[in-house]
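Take a look at the structure set out below.
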2 protein chains.
Amino acid sequence: MKLPVSTEWVLHCATTMAQLAPGTTVSAAQLAEYYDLPAPYLAKQLQALVRAGVLAATTGPRGGFRLARPAGEITLLAIVEAVDGASAPYECREIRQRGTGALPQEDCRNACVLARKMADAHDAWRRTLAADTLADIVASLPPSAPARTRSRLPQRR
Amino acid sequence: MKLPVSTEWVLHCATTMAQLAPGTTVSAAQLAEYYDLPAPYLAKQLQALVRAGVLAATTGPRGGFRLARPAGEITLLAIVEAVDGASAPYECREIRQRGTGALPQEDCRNACVLARKMADAHDAWRRTLAADTLADIVASLPPSAPARTRSRLPQRR
């Protein structure tokens with residue numbers, strides 16, 4: 001059970017964007033340099049965040065990425081699921097209905113108790129990540145962080 | 001973030017073993033037939049459960065598998081981690097210390113807040129699966145389940 005390596009990238013890039021002055025954008029190339037990441041692959045991940053409604057992309061010479069919504073409305077869960085999808089890690093293929101031990105269909109109207117427990121665990125995971133927004137993350141950083149981020153990451157208006 | 005398909009297999013096989021009369025064993029071939037699963041691959045997964053201390057294997061003509069501990073002492077987490085490992089799905093490669101935005105080392109003595117949140121989510125997932133044992137699962141089945149399981153799965157003493 002592994003999340004893509006890019007999960008760390010997009011969490012950090014979104015946290016960085018949450019520290020920029022409103023209305024400014026940043027390019028994939030800038031973020032790639034900022035974190036020493038492969039720019040083309042990072043750009044693909046940022047596009048996935050656009051499709052998920054987490055980021056907005058603007059085109060043109062000063063185009064780039066910015067948060068699509070206020071930082072207080074973007075949860076860590078939304079960012080993680082933008083690059084990894086929202087499907088649960090456990091797949092129930094109903095083996096209880098197969099083989100010589102197969103249960104009759106009428107005994108399988110409810111989800112299998114094992115599938116339910118696995119779903120409960122995934123729900124707990126999702127709830128934890130849905131409890132924090134980018135605004136919460138930025139608020140937990142040292143007070144000097146946003147000014148430092150802005151000075152190190154030249155922005156375009 | 002995907003668990004192996006065999007996660008369903010081993011959860012069901014362990015639940016089945018928890019319903020057998022104490023002291024009886026069941027072979028991988030029997031369990032494979034019971035759930036219509038590929039026997040050689042299932043056998044490998046059951047061996048992983050032996051290595052994890054969930055199952056015990058006995059050799060000889062009547063050899064096979066049985067629970068290594070009482071069902072009340074085997075959590076769903078132990079079974080899942082026996083086949084998937086216990087490592088967390090999120091990997092923090094400390095990109096905050098890389099690139100033009102690199103934080104100085106003295107600012108990185110504590111784990112990154114994003115890595116901590118991801119670890120919190122994994123902890124919540126693990127706690128949920130550690131809260132239920134095979135005994136709890138069997139107790140949630142219809143009262144007729146153990147007798148049915150025993151009658152459909154010829155056992156060896």
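The values are calculated or read from the model by the stated rules, or taken from the named source; none is laboratory data. Everything quoted here is computed from the prediction, not taken from an experiment. Don't worry about glycine lacking a Cβ; one is built from the backbone with ideal geometry, like all the others, and counts go over all protein chains shown.
Kindly indicate the residue of the range B:58-73 that is in a loop (DSSP other than H, G, I, E, B) and of a type outside the set (Lys, Arg) and also surrounded by the fewest Cβ atoms within 10 Å (Cβ to Cβ) among those meeting that condition. So the residue we want is B:PRO61. Just give me the residues in the range A:140-155 being facing chain B (nearest Cβ under 7 Å) and among the charged types (D, E, K, R), in sequence order. Within the range A:140-155, A:ARG152 is the sole residue that qualifies. Each residue in the range A:80-101 was checked for being at the interface with chain B (Cβ under 8 Å from one of its Cβ atoms), assigned to a loop (DSSP other than H, G, I, E, B) and surrounded by 14 or more Cβ atoms within 10 Å (Cβ to Cβ), and 7 pass.
Quick one: would you say B:ALA32 is within 9 Å of chain A (Cβ to nearest Cβ), within 19 Å of the chain's Cα centre (by Cα) and either surrounded by 20 or more Cβ atoms within 10 Å (Cβ to Cβ) or among the hydrophobic types (A, V, I, L, M, F, W, C) (or both)? For B:ALA32, the condition - within 9 Å of chain A (Cβ to nearest Cβ), within 19 Å of the chain's Cα centre (by Cα) and either surrounded by 20 or more Cβ atoms within 10 Å (Cβ to Cβ) or among the hydrophobic types (A, V, I, L, M, F, W, C) (or both) - is met.
Among residues that are surrounded by 15 or more Cβ atoms within 10 Å (Cβ to Cβ), within 14 Å of B:GLY101 (Cβ to Cβ) and of a type in the set (D, E, K, R), A:ARG152 is not included.
Return yes or no: is B:ILE137 at pLDDT below 95 and within 8 Å of another protein chain (Cβ to nearest Cβ)? It is false that B:ILE137 is at pLDDT below 95 and within 8 Å of another protein chain (Cβ to nearest Cβ). The set of residues in the range A:55-73 being touching a strand residue (DSSP E or B) at 6+ places or on another chain (Cβ under 6 Å) and under 10 Å from A:ASP132 (Cα atoms) consists of A:GLY72 alone. Residues of the range B:11-57 that are assigned to a loop (DSSP other than H, G, I, E, B), under 29 Å from B:SER87 (Cα atoms) and touching a residue at least 40 places away in the same chain (Cβ under 8 Å): B:ALA18, B:VAL54. Listed by first and then second residue, the pairs linking a residue in the range B:117-130 that is in contact (Cβ under 8 Å) with a residue 40 or more places away in the chain and at the interface with chain A (Cβ under 7 Å from one of its Cβ atoms) to a residue that is part of a helix (DSSP H, G or I) and among the acidic types (Asp, Glu), with Cβ atoms under 9 Å apart and 6 or more places separating them unless they lie on different chains, are B:LEU129/A:ASP120; B:LEU129/B:GLU81. Only one of the numbered conditions (1) touching a Lys or Arg at 6+ places or on another chain (Cβ under 7 Å); (2) charged (D, E, K, R); (3) away from chain B (no Cβ under 14 Å); (4) in a helix (DSSP H, G or I) is violated by A:GLU8, and that is (3). Could you list, in sequence order, all residues of the range B:108-156 that are among the polar types (S, T, N, Q) and over 20 Å from the mean Cα position of the chain (by Cα)? Across the range B:108-156, the qualifying residues are B:ASN110, B:SER144, B:THR149, B:SER151, B:GLN155.
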